[in-house]
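The values are calculated or read from the model by the stated rules, or taken from the named source; none is laboratory data. Note that this is a predicted model, so its numbers are computed, not measured. When we count neighbours, we look across all protein chains shown, and the Cβ atoms used for this are built from the backbone with ideal geometry, even at glycine. Calculation scope for accessible area: heavy atoms of the full protein, side chains included, ligands and nucleic acids excluded. Shrake-Rupley method; radii C 1.70, N 1.55, O 1.52, S 1.80 Å.
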Amino acid sequence: MREVLLAKSHALQRWGVEDSVELYGIRTWGAGFFDVSEDGDVVICPHGTRGPRIPLPEIIAGLHERGYDMPVLLRVENILSSRIAHIHESFRKAIRTLGYKGEYRGVFPIKVNQQQQVVDQIAQFGSRYHHGLEAGSKAELIAAVALMRDPDACIICNGYKDEEFIDLALQAQRLGFNIFLVLEMPGELDMVLERAAALGIRPNVGVRSKLSVKAGGHWTDSGGERSTFGLSPSQIVDVVDTLKSRQMLDCFRLLHYHLGSQISNIRDIRTGVMEAARLYSGLVEEGAPMGYLDLGGGLAVDYDGSHTNYVFSRNYNLDEYCADVVETIMSILDEKDIPHPHIITESGRATVAYCSVLLFNILDVNVVEEARLPETLPDDAPEAVRNLQEALAGISLRNLQESYNDAVYYRDEVRRMFSTGAVSLRQRTLAERFFWAILMRIAKEKGKLKNVPRDLEDIDVNLADIYYGNFSVFQSLPDSWAIDQLFPIMPVHRLGEFPSRQGIISDITCDSDGRIDHFIDPQGMKPMLDLHPLREGEEYYLGVFLVGAYQETLGDLHNLMGDTNVVSIRAADDGSYEYVREIRGDSVSDVLSYAEYEPRRIIENLRSAAERAVREGRISPSERFAVMQAFEDGLRGYTYFER
Ligand code: PLP
């Protein structure tokens with residue numbers, strides 16, 4: 001891809017904004033919410049392609065003026081509202097076009113982004129569509145009940161339940177909420193019936209079914225007969241029998257399943273719905289009133305913009321998803337004249353991924369320099385170094401693999417000799433310089449080969465620049481580390497300039513896993529990102545896009561890097577925008593207290609160490625004041641790099 005663009009730009013003698021648009025694929029994954037301006041800045045299009053465009057560098061400048069340092073997690077409220085509206089409008093269109101008799105009721109699974117700002121906005125904006133919430137624990141249920149104001153929206157209680165969870169749900173039902181208790185294990189039914197009898201409430205019972213089908217991808221184990229959650233068909237029939245025997249079959253209202261997240265192939269979605277609709281139909285034939293079919297999550301996000309069934313993409317769009325779901329349910333239920341149920345989906349990722357962008361600055365770059373090689377070797381240069389010099393001189397298109405093998409062999413020999421003391425530090429350094437010079441020459445030459453030998457394919461990666469980003473992968477992009485998830489990453493400015501460097505991104509934790517070395521590419525994935533050289537005295541900003549789902553909740557405190565600053569903006573129709581909500585990131589004192597340190601005790605200990613130093617004459621009392629002030633400021637400061 002880069003080669004094609006390079007060739008093209010050379011032909012045009014100029015790199016332009018459109019080349020960057022193509023290189024970073026922003027219009028393929030941006031879903032109309034992100035683009036590049038004529039000035040070469042990434043712009044946010046909060047109302048889609050035809051609305052106003054807000055340059056990200058302008059937002060960053062505004063953040064600095066308000067005293068916010070990078071990294072910042074930027075949320076765009078309009079994008080979140082727009083996603084909810086889009087999901088509902090697509091279902092409405094499919095329902096209207098196909099003549100479906102039920103309604104669509106979406107719910108947002110709180111676990112996907114538990115932050116109050118996000119859930120609150122979903123509850124508020126979603127009320128015009130009766131968009132509800134899904135809770136998988138007691139804490140999530142309390143949050144859902146506290147934030148939900150619309151009595152017609154559903155609150156779906158998934159997850160394992162104890163008596164307290166069940167009581168909370170039943171009490172919320174008493175308050176007028178439309179609550180469903182979904183059985184995840186057979187044993188939960190007795191508990192639900194017992195608590196319902198004790199509180200005098202007829203519960204809305206749902207069942208999570210284990211479907212036999214499995215979807216592909218990372219979360220495939222969420223589905224299938226061996227999945228951890230849900231009831232088998234025979235256990236579901238037992239539920240019917242128990243409810244019948246207690247004259248409570250009228251409480252059986254909902255069938256639920258969840259095949260896994262990020263289902264990238266529409267075929268898996270269709271087969272799941274088909275099996276669930278058959279089960280639903282069987283339950284109605286058993287006499288259960290039902291009324292709701294809940295398809296769980298799984299609606300995927302096209303992170304790499306390839307529109308394929310690749311694990312970080314999807315081979316369907318939202319309209320196709322909705323039409324397939326509605327049509328499949330209809331076709332199966334119409335065979336037996338069974339009334340169409342309300343359709344619930346628990347789309348998390350597809351609802352919130354787009355609304356958040358992680359912004360960070362680059363602190364420094366490590367560049368593999370052209371090696372400085374001597375004209376003649378010193379007399380004491382070991383044989384292996386002479387061999388490396390010869391290998392460098394002899395490189396040709398015909399012997400790239402052989403030269404590579406020689407380079408590795410002699411470099412390793414010098415390293416071995418160094419460890420036994422046979423080679424000095426300076427001699428070893430010389431060997432390393434020749435080694436890198438050989439690799440650079442090979443990397444340059446291999447572009448001329450039609451078939452590049454396997455060993456040489458990734459040679460450029462060894463020569464890639466390392467861009468040090470002011471953020472923590474573990475805190476802000478945990479899925480990039482844990483499951484090698486791809487997110488679109490790109491510079492947010494200078495896009496009219498040719499990105500002449502290729503690099504990987506390292507975070508500021510001291511962990512070798514704290515790096516990003518796989519990036520989206522129309523051909524699948526690439527090991528380096530095209531970047532611009534840093535300019536003296538000027539910040540260079542990158543954005544990681546589509547990070548609104550799962551990343552905030554799963555982040556951890558590696559190296560005690562805490563939560564980043566979070567700022568939300570809301571744009572008006574005329575393109576003006578406000579910074580509507582701001583949450584300061586964790587201070588050093590905050591993260592220390594999460595790890596059970598007591599900041600007050602830390603200060604006391606530091607104070608006595610400083611006083612001891614005064615007593616021992618190492619510092620003066622006024623120096624003690626300065627030392628203590630530095631530590632106290634440090635505790636109040638941001639956990640990330642501050643300029
Ligand atoms: N519903 C349930 C029961 C889940 O476990 C999950 C997440 O895995 C979701 C919904 C959300 O899935 P997604 O984010 O793919 O829409």
List the residues whose amide H sits under 5 Å from the amide H of ARG105, counting only those 5 or more places along or on another chain, with H placed 1.01 Å from N in the peptide plane. ILE343, ILE344, THR345
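Classify region 282-325: rounded, prolate or oblate, from the alpha-carbon gyration tensor (a ≥ b ≥ c, eigenvalue square roots; a/c under 1.5 rounded; otherwise prolate if a/b is larger than b/c)? Working shown, then result.
Working: a/c = 4.11, a/b = 3.30, b/c = 1.25.
Cα axes put region 282-325 in the prolate bin.
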P(r) of region 109-245 over all Cα-Cα pairs, binned every 10 Å from zero, in whole percent: 12, 38, 34, 16, 1
Determine how many Å³ per residue the convex hull of the Cα atoms of region 271-352 encloses. 89 Å³
Mind listing which trypsin sites (Lys or Arg not before Pro) in region 358-454 are in a DSSP loop and have 13 or fewer other Cβ atoms within 10 Å? ARG372, LYS448, LYS450
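In region 496-583, which GluC sites (Glu not before Pro) fall in coil by DSSP and have 10 or fewer other Cβ atoms within 10 Å?
Details: sites: GLU497, GLU536, GLU538, GLU539, GLU552, GLU578, GLU582; in loops: GLU497, GLU536, GLU538, GLU539.
Answer in residue order: GLU536, GLU538.
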What do you reckon, how do TYR160, TYR292, TYR303 stack up by accessible area (1.4 Å probe), largest on top? TYR160, TYR292, TYR303
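Given R₀ = 45 Å, what would the calculated FRET efficiency be for GLU623 paired with VAL365, taking r from the Cβ atoms and rounding to 0.05?
On the way: r = 37 Å, r/R0 = 0.81.
After rounding, the FRET efficiency stands at 0.80.
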Based solely on its DSSP helices, what 222 nm [θ] is calculated for the chain when runs of n ≥ 4 H residues each add -39,500 (n - 2.57) and the sum is averaged over all residues, nearest 500 deg cm²/dmol? -12500 deg cm²/dmol
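Give me the 1.4 Å probe accessible area per residue for region 484-643, excluding ligands and nucleic acids, in Å². The partial results should precede the final answer.
Details: 8180 Å² over 160 residues.
For region 484-643, the per-residue accessible area is 51 Å².
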Within the accessible area of the chain (1.4 Å probe), percent carbon and sulfur: 48 percent
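Using the Kirkwood formula over every pair of different C-alpha atoms, what hydrodynamic radius in Å results for region 163-322?
Working: mean 1/r = 0.0600 Å⁻¹.
Averaging 1/r across every pair of different Cα atoms and inverting gives 16.7 Å.
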Overall Cα dimensions of region 466-601 - principal axes, largest extent first, Å: 52, 44, 33
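Give me the percent relative contact order of region 138-210, please, defined on Cα pairs under 8 angstrom at least 6 residues apart.
Numbers: 89 pairs, mean separation 23.1, N = 73.
Relative contact order for region 138-210 comes out at 32 percent.
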Alpha-carbon Debye profile of region 410-515, log10 I(q)/I(0) at 0.18 Å⁻¹: -1.08
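How much length would be gained if the chain were fully extended between GLN116 and ASN559, taking 0.36 nm per residue of separation minus their Cα-Cα distance, in nm to one decimal?
156.9 nm
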Take the alpha-carbon centre of region 420-457, take the same for region 231-246, and report the distance between them in whole Å. 68 Å
Stokes-Einstein diffusion coefficient of region 357-422, Kirkwood radius over Cα pairs, 10 °C, 1.306 mPa s, in µm²/s: 108 µm²/s
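Out of the trypsin sites (Lys or Arg not before Pro) in region 107-171, which ones are loop residues according to DSSP with at most 12 other C-beta atoms within 10 Å?
Working: sites: LYS111, ARG128, LYS138, ARG149, LYS161; in loops: ARG149, LYS161.
The qualifying sites are ARG149.
Equivalent ellipsoid semi-axes for the chain, as square roots of 5 times the alpha carbon gyration tensor eigenvalues: give them largest first, rounded to whole Å. List each step's numbers first, then the result.
Numbers: eigenvalues 541, 209, 128 Å².
The answer is 52, 32, 25 Å, longest axis first.
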Any chance you could check the Cα centroid distance between region 475-502 and region 45-91 for me, in angstrom? 18 Å
Would you mind calculating the relative contact order of the chain from Cα pairs under 8 angstrom and at least 6 residues apart, reporting the percent as a whole number? 15 percent
In whole Hz and in residue order, list the ³J(HN,Hα) couplings for region 161-168 that follow from phi through the Karplus curve 6.51 cos²θ - 1.76 cosθ + 1.60, θ = phi - 60°; x for Gly and Pro. 10, 9, 4, 5, 4, 5, 4, 4
